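Colleague: Sharing a structure with you now.
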Amino acid sequence: MRTVLDMIAGRDAPQPHGQTGLGRILADLESHQCRFPLRGEGAATRFCAAEVSDAAWLPGSPGRCYCAFHQRVTVGRGTEAERSAPRVLERLAG
Ligand SMILES: [Zn+2]
C-alpha cells in the first residue's frame, strides 16, 4: 500500500492509464497542465503535465490544478470520511 511518505518522496506515483513518459519539470509546464508531482525533488521534480480542462482549472484551490485522474486520487472519499469521522462520533455520543 502506498503511504503519504511514498507520495511525498515521489515513489510509485499514480499515473493515468496509458500515460507514459517522465512528466515535465515546473519550468516546462504550461497553464492548464497537471501539477501533480510524479518524481524527483526541488527544481528537478517532474509533474504529470496532462491537460486540465478550463472548468477544472482553479489554481489555489486544493486539487484544482490537477488533471481529472489526479483530482480523484488526491480528493478521495476516504480523506473526506476521515475528516468527518470525529463529527459522526460526536453525533453518536450526543
Ligand atoms: Zn495528472
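What follows draws every value from the coordinates through simple rules; no lab data is involved. Nothing here was measured: the structure is a model prediction, and the numbers come from that model. Note that we place each Cβ from the backbone using ideal geometry, even for glycine, and neighbour counts take in every protein chain shown.
Colleague: Per residue of segment 21-34, in order, report the coupling 6.51 cos²θ - 1.76 cosθ + 1.60 (Karplus, θ = phi - 60°) as ³J(HN,Hα) in whole Hz, putting x for Gly and Pro.
Modeller: Each residue of segment 21-34 in turn: x, 9, x, 10, 6, 4, 5, 9, 6, 9, 4, 6, 10, 3 Hz.
Colleague: Give me the one-decimal nm value for the distance between modelled label points at Ser53 and Ala68, 7 Å along each residue's Cα-to-Cβ direction.
Modeller: Simple spin-label model gives 0.6 nm for this pair.
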